[in-house]
1. Mind giving me the nanometre distance, one decimal, between the label points for T25 and T54, set 7 Å out from Cα along Cα→Cβ?
2. Per residue, how large is the accessible surface of the chain? Use a 1.4 angstrom probe and give square angstrom.
3. Below 8 Å, C-alpha to C-alpha, sequence gap of six or more: please give me the relative contact order for the chain in percent.
4. What whole-number volume per residue, in cubic angstrom, does the convex hull of the C-alpha atoms of the chain give?
Amino acid sequence: MASKKTVVELIALQCSECKRRNYTTSKNRRNIQEKLEFKKYCPHDRKHTIHKETKVK
């Protein structure tokens with residue numbers, strides 16, 4: 001059987017400086033079509049950096 005695509009999908013947030021995936025979150029694809037971008041704390045760089053949306057593997 002084919003599975004239904006869910007409206008809410010899991011995404012990972014990747015640091016723009018160290019390229020590590022530090023956070024996971026979910027987003028509603030109906031409300032937000034563009035890629036998410038947050039300024040969050042990176043524990044590897046020990047500072048706040050921009051984290052962009054990537055796929056969860």
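The values are calculated or read from the model by the stated rules, or taken from the named source; none is laboratory data. Being a predicted model, the structure only gives us computed values, none of them experimental. Cβ atoms come from the backbone with ideal geometry, glycine included; neighbour counts cover every protein chain shown. Note: areas computed on protein heavy atoms with side chains; ligands, DNA, RNA excluded. Shrake-Rupley method; radii C 1.70, N 1.55, O 1.52, S 1.80 Å.
1. 1.7 nm
2. Working: 4850 Å² over 57 residues.
Per residue, the chain has an accessible area of 85 Å².
3. Details: 92 pairs, mean separation 21.6, N = 57.
Taking the mean separation of contacting Cα pairs over the length of the chain, I get 38 percent.
4. Values: hull volume 4.5 nm³, N = 57.
That works out to 79 Å³ per residue.
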